[in-house]
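Engineer: Pasting a structure here, questions to come.
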Amino acid sequence: MRALIVDPEAPGRLRLGEAPDPRPEPGQVLVEVRHTSLNAAELWFAQQAALGEVIGFDAAGVVVDAAADGTGPAVGSRVVGFGEGGGFGALRAMDVADVAVVPDGVDLGEAAALPVAAGTALRALDQAGALLGRRVLVTGASGGVGGFAVQLAGLGGAHVIAVAGSEDGRRWVSELGADAVVGGVDEVTAGAVDVVIDTVGGDQLAAAYGLLASGGSLQSIGWASGREAVLPVGSTLGSTAPKAIVSVYNGGGLTDRQAQLGRLLALVAAGKLRVPVGWRGPWDKIADAVEALSSRRLRGKAVLDVN
């Protein structure tokens, strides 16, 4: 099959090439991939993977072989799903539990942007608890995960404060419905926040933690800064209720993907959740997508059309 394969000599270490067809297990469907999505984590995995490996988490397409055990969607179903690798191939075997049927009217390319980015944001907000009337701070809000977090927190009834570093990013996040947009955590005013969705790490994580109200939580779901976070001495003490720093990648937070994808797709179908796509093009333009993402000029998600 055609696939984006790891090649140390290629820009971003990814290029279009050939790879073996996947062989589905009994509880897997075989999907003809029409669209995939590029995530920051894949740039890291491309640095670690072997020559010729097919990486990629997100994929959307059409089922060409149903699961041999009789579970899952039928042949011809439009689906989107998540997997540990294989998303950058023209064919992909996916566990039935990780696949959701895409409603009519939802663009498959937009659906391909949901599993990692929107799924991570949704799990973090679910983990934070009820949002109605609470103040939620989102760092790195102009990125793929951040843009979904802003919208989903607002849908949950939160007052959303978004942090975006550039003027263009702040304008873009404001259009997604943030109640307040600032250029840095140090610009947050009007009291403490109840929840932080942090995609940046480093100094921003430490500063955002300092804004938490007693009993609040910081959901650490990214580390775009590449820098360590150092908390001031004593900053974890003195609350009447503990403040928590947690991650969706601890404690089994990656379960129930089908149900989570179903929730997200229903919101998209109802026009309540916008899929912010900042770059879209054919998969042979992978170098352009990598450059847009790694330069941090991308607003939202990068979607690759498989052809």
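The values are calculated or read from the model by the stated rules, or taken from the named source; none is laboratory data. These numbers come from a predicted model, not from an experiment. Positions of Cβ are backbone-derived with ideal geometry, glycine not excepted, and every protein chain shown enters the neighbour counts.
Engineer: For the range 60-84, name all the residues that are of a type in the set (A, V, I, L, M, F, W, C) and either modelled with pLDDT under 95 or in contact with a helix residue (DSSP H, G or I) (Cβ under 7 Å, 6 or more places away or on another chain) (or both).
Structural biologist: Residues satisfying the conditions are 60, 67, 80, 82.
Engineer: Of the numbered conditions (1) surrounded by fewer than 24 Cβ atoms within 10 Å (Cβ to Cβ); (2) at pLDDT 95 or above, residue 94 fails exactly one; give the number of that condition.
Structural biologist: Going through (1) surrounded by fewer than 24 Cβ atoms within 10 Å (Cβ to Cβ); (2) at pLDDT 95 or above one by one, residue 94 breaks only (1).
Engineer: So, residue 194, is that one touching a residue at least 60 places away in the same chain (Cβ under 8 Å) and more than 18 Å from residue 121 (Cα to Cα) or not?
Structural biologist: The answer is no for residue 194.
Engineer: In the range 25-34, how many residues are surrounded by fewer than 24 Cβ atoms within 10 Å (Cβ to Cβ) and either within 25 Å of residue 110 (Cα to Cα) or not assigned by TED's automatic domain parsing to the domain that holds residue 96 (or both)?
Structural biologist: Qualifying residue count for the region: 3.
Engineer: I'd like the full set of residues that are over 20 Å from residue 33 (Cα atoms) and not basic (Lys, Arg), limited to the range 270-287.
Structural biologist: Within the range 270-287, 270, 271, 273, 276, 278 meet the criteria.
Engineer: If residue 162 satisfies all but one of (1) crowded, with 24+ Cβ neighbours inside 10 Å; (2) part of a helix (DSSP H, G or I); (3) of a type in the set (A, V, I, L, M), what's the number of the condition it fails?
Structural biologist: (2)
Engineer: Still on this structure: For residue 181, indicate whether it is surrounded by fewer than 24 Cβ atoms within 10 Å (Cβ to Cβ) and under 23 Å from residue 228 (Cα atoms).
Structural biologist: So residue 181 does not fit the description; no.
To keep it simple, each residue is scored yes or no on (1) within 24 Å of residue 106 (Cα to Cα); (2) in the same structural domain as residue 13 (by TED's automatic domain parsing); (3) part of a strand (DSSP E or B); (4) in contact with a Gly (Cβ under 6 Å, 6 or more places away or on another chain).
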site: 177; (1), (2), (3), (4): yes, no, no, yes
site: 190; (1), (2), (3), (4): no, no, no, no
site: 216; (1), (2), (3), (4): no, no, yes, no
site: 222; (1), (2), (3), (4): no, no, no, no
site: 226; (1), (2), (3), (4): no, no, no, no
site: 230; (1), (2), (3), (4): no, no, no, no
site: 241; (1), (2), (3), (4): no, no, no, yes
site: 258; (1), (2), (3), (4): yes, no, no, no
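Engineer: Quick check on the range 48-57. Is at least one of its residues touching a Ser or Thr at 6+ places or on another chain (Cβ under 9 Å), modelled with pLDDT of 95 or more and not aliphatic (A, V, I, L, M)?
Structural biologist: Yes, some residue in the range 48-57 is touching a Ser or Thr at 6+ places or on another chain (Cβ under 9 Å), modelled with pLDDT of 95 or more and not aliphatic (A, V, I, L, M).
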